[in-house]
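Readers should treat all values here as calculations from the given coordinates under stated rules, not as data from a laboratory. Fair warning: this is a prediction, and the values are worked out from it, not measured in the lab. Because the Cβ atoms are built from the backbone with ideal geometry, glycine has one as well, and the counts that use them run over all protein chains shown.
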Amino acid sequence: MQNPTSVDHRKGSGRQVSFILNDKRKPNYTGWMKHRVDSDYGKYIYSHRMSVVEPVFANIGTQKRLNRFSLRGKTKVDCQWKLYCMVHNIEKLANYGNITG
């Protein structure tokens with residue numbers, strides 16, 4: 001600003017920004033999901049994500065080098081993704097085999 005003293009709204013006509021926080025806002029999905037994840041049960045469930053879901057995506061992305069799809073179109077991309085998932089599952093079967101307990 002050219003005149004920094006005009007920022008003080010008591011002395012001059014400075015700029016003032018105000019935000020109106022309305023307590024009567026409708027609930028949104030982001031707030032709902034935050035509430036679910038922050039609950040005790042949500043923390044318990046979300047803690048298992050690293051051992052269940054994330055390693056699969058990491059394996060397909062880094063080991064199989066699927067950083068981006070090489071085909072275009074929803075059906076072709078869906079087919080390519082399913083092929084990568086099938087290769088991942090076949091490798092799991094080959095590595096771990098039929099474990100009977």
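Each Lys and Arg contributes +1 and each Asp and Glu -1, all at the Cβ; summed about the Cα centre of segment 27-66, the dipole is approximately 180 debye. Here Trp81, Trp32 are placed in order of increasing Cβ neighbour count within 10 Å, fewest first, which gives Trp32, Trp81.
Rounded if a/c is under 1.5, else prolate if a/b is larger than b/c, else oblate: which is segment 27-66, with a ≥ b ≥ c the root eigenvalues of its Cα gyration tensor? Present the calculation step by step, with values, prior to reporting the outcome.
Details: a/c = 6.87, a/b = 2.11, b/c = 3.26.
It is oblate, given that a/c is not under 1.5 and a/b is not larger than b/c.
For segment 54-101, rounded, prolate or oblate, judged on the Cα gyration tensor with a ≥ b ≥ c (square roots of eigenvalues), a/c < 1.5 rounded, else prolate if a/b > b/c? It comes out prolate by the Cα gyration axes.
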